[in-house]
Amino acid sequence: IFKGDTITRQGKIIIIITDRWFMPGAQHIVTFRDFYMNGVKIEGTRTITNLGLNADSHLELGIKLEQGKIIFNDTAWMTREADHVREWILHLNPHNDTMLISGSASGINIKGEGYERLITDPLVLVHCTEYIWRWTIVGGSMRITNSVQGNTNVDFSGTECDASVRVKKDGQQFNYQFRFRHHHHRGGR
């Protein structure tokens, strides 16, 4: 536990590793058993599978979430199922790596509304020095369909690491620019 950590945890996170990570077909299967963070129950199974190299010699990882659920209390909860592929474009310097993400997710939000998120153009992630080398989305698009609110299109069309996004809904366009909090608490400082 880190100095200043105020998160309470209880229960078990079970991780099954089927083979050495660099072997095609190797899996990391993560399951939560009676696991709570700050009194919120987390359920589901997340499976990461090494799919091997694609035709461009980029590593592909399959990431699947099954029966994902966050339970706040007896009347407030949300669910999620997801199936994504991450294409990892590796470079000699890991800071220059690029990740392409495709796939979809669906579930029920905390208001009881069904939703589906489909990545319509692969999301492009790069490391940004501006955000302490965190992965940042710099391109791609997705469509979010809500059972009550209809469709929303999200376009990550910024210039590299400016964290900008364009949202289109009902014929209107909104531009947002996200800011990340900088945490300089490494090494106990």
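The values are calculated or read from the model by the stated rules, or taken from the named source; none is laboratory data. Here the structure is a predicted model, which is why all the values come from computation and not from measurement. Side chains are part of the model used for accessible areas, which takes the heavy atoms of the whole protein and leaves out ligands, DNA and RNA. Shrake-Rupley method; radii C 1.70, N 1.55, O 1.52, S 1.80 Å.
Can you confirm whether Gln10 is on the phi < 0 side of the Ramachandran plot and open to solvent by 90 Å² or more (accessible area, probe 1.4 Å)? First the steps, then the outcome.
Working: on the phi < 0 side of the Ramachandran plot: yes; open to solvent by 90 Å² or more (accessible area, probe 1.4 Å): yes.
For Gln10, the condition - on the phi < 0 side of the Ramachandran plot and open to solvent by 90 Å² or more (accessible area, probe 1.4 Å) - is met.
Are any of the residues in segment 72-79 under 15 Å from Ile137 (Cα atoms) and at pLDDT below 95?
Filtering segment 72-79 down to residues under 15 Å from Ile137 (Cα atoms) leaves none.
No; the residues of segment 72-79 include none that is under 15 Å from Ile137 (Cα atoms) and at pLDDT below 95.
The residue that is nearest to Gln67 (Cα to Cα), among those in segment 119-145 that are open to solvent by 60 Å² or more (accessible area, probe 1.4 Å), of a type outside the set (Asp, Glu) and part of a strand (DSSP E or B), is Arg143.
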